[in-house]
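The values are calculated or read from the model by the stated rules, or taken from the named source; none is laboratory data. What you are looking at is a predicted structure, and each value in this text was computed from that prediction instead of being measured. Here the Cβ positions follow ideal geometry from the backbone for every residue, glycine too, while neighbour counts run over all protein chains shown. Side chains are part of the model used for accessible areas, which takes the heavy atoms of the whole protein and leaves out ligands, DNA and RNA. Shrake-Rupley method; radii C 1.70, N 1.55, O 1.52, S 1.80 Å.
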Amino acid sequence: MKEGIIFHQKDEKKILFIINLKSGTEDLSDINERIANLIDYTCFEVEGVFTERRMHAYELAKQAVADGIDYVVAVGGDGTVNEVASALVHTQTIMGIVPVGSGNGLARHLRLPGDIDKAIEMINRRTIKYIDSVQVNQRYFFNIAGLGFDAHVASEFGKNGTRGIKGYRKIIAKEYFKFMPSNYEIFTPDENLSLSAFMICIANGKQW
């Protein structure tokens, strides 16, 4: 499987697939062929690249904006989606998602197909939906951000290299009884709160 441009055909709208082969547990060895067979070449001029490291999807998406790419599709999990979406905020470039991760929270919230082929076929419809974004400590999120145990589990999941929902369950079982609540202060336009919490979640979507 070669990196860089994986298939290309002249057409009206440029679309770039940013593919994270390490997302989730599904075999993506044939992802090139599946995209090539299912994408509508009467709508798109198609390119694809593979990510090589953390934040590479963000860099590729930023470059796509600079290059005038019309659509950028994140093929990966929540991390890949977040990197791509963060690069596209407040631009004219449209994002698509082919969810292949362990959680796929934003894709589930948007009711996108969990099946790879159906997700690619949906892109052909070019239906656009606007969503909100949220910024915390100069970083964007689009579904859920967490403090406390929620954030701790996500951090440990990122470290141990285990993919899939079983990886989450293993970490939760290991960490739940030894994790201690923390004290928080919350300031809003209407009131200020001081509280102890096991975790606090900030929701832009409904998949947690």
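Share of the chain's accessible area from carbon and sulfur, percent, 1.4 Å? Walk me through the numbers on the way to the answer.
On the way: 6200 of 12570 Å².
Carbon and sulfur together cover 49 percent of it.
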What accessible area per residue comes out for the stretch 48-194, rounded to a whole number of Å², with a 1.4 Å probe? 61 Å²
Label point distance in nm, Lys166-Asn137, each placed 7 Å from Cα along Cα→Cβ: 3.2 nm
Number of Lys-Lys pairs in the chain under 17 Å by Cα, sequence gap 8 or more or different chains? 9
Viscosity 0.692 mPa s, temperature 37 °C: give me the Stokes-Einstein translational D for the stretch 108-163 in µm²/s, with Rh taken as the Kirkwood radius over C-alpha pairs. 230 µm²/s
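Multiplying the sequence separation of Ala203 and Glu52 by 0.36 nm and subtracting their Cα-Cα distance, what value in nm do you get? Walk me through the numbers before you get to the answer.
Values: separation 151, 0.36 × 151 = 54.36 nm, distance 2.97 nm.
My answer for the length gained is 51.4 nm.
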Got a sec to turn the phi values of the stretch 91-97 into Karplus ³J(HN,Hα) couplings, 6.51 cos²θ - 1.76 cosθ + 1.60 with θ = phi - 60°, whole Hz, x for Gly and Pro? 10, 8, 6, 8, 9, x, 9
What residue among Thr127, Ser194, Ala36 has its Cα farthest toward the positive end of the dipole of the chain, where the charges are +1 on Lys, Arg and -1 on Asp, Glu, each on the Cβ? Ser194
Identify which of Glu191, Glu83, Glu45 has the largest mean-square fluctuation in a Gaussian network model of the chain, with springs joining Cα atoms closer than 10 Å. Glu191
How much length would be gained if the chain were fully extended between Met122 and Leu21, taking 0.36 nm per residue of separation minus their Cα-Cα distance, in nm to one decimal? 34.3 nm
If eta is 1.002 mPa s and T is 20 °C, what Stokes-Einstein diffusion coefficient results for the chain, Kirkwood Rh from Cα pairs, in µm²/s? 117 µm²/s
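Over the chain, what is the percentage of antiparallel beta bridges among all DSSP beta bridges, to the nearest 5?
Numbers: 14 of 32 bridges.
If we restrict to bridges inside the chain, about 45 percent are antiparallel.
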Ranking Pro181, Asn143, Pro113 by how far each Cα lies towards the positive end of the charge dipole of the chain (+1 on Lys and Arg Cβ, -1 on Asp and Glu Cβ), the top one is Pro181
Along the charge dipole of the chain, which of Ala154, Ala66, Ile97 sits closest to the positive end, that is, farthest toward it, with unit charges on the beta carbon of Lys, Arg, Asp and Glu (+1, +1, -1, -1)? Ala154
Could you run the Karplus curve 6.51 cos²θ - 1.76 cosθ + 1.60 with θ = phi - 60° over the stretch 128-144 and give me ³J(HN,Hα) per residue in whole Hz, x for Gly and Pro? 9, 10, 8, 10, 7, 10, 10, 10, 10, 6, 6, 10, 8, 9, 10, 10, 9
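Given R₀ = 45 Å, FRET efficiency for Asp30-Phe187 by Cβ-Cβ distance, to 0.05?
Values: r = 51 Å, r/R0 = 1.13.
Plugging the Cβ-Cβ distance into 1/(1 + (r/R0)^6) gives 0.35.
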With θ set to phi - 60° and the Karplus curve 6.51 cos²θ - 1.76 cosθ + 1.60, what are the ³J(HN,Hα) couplings of the stretch 19-25 in order, to the nearest whole Hz, using x for Gly and Pro? 10, 9, 5, 8, 6, x, 10
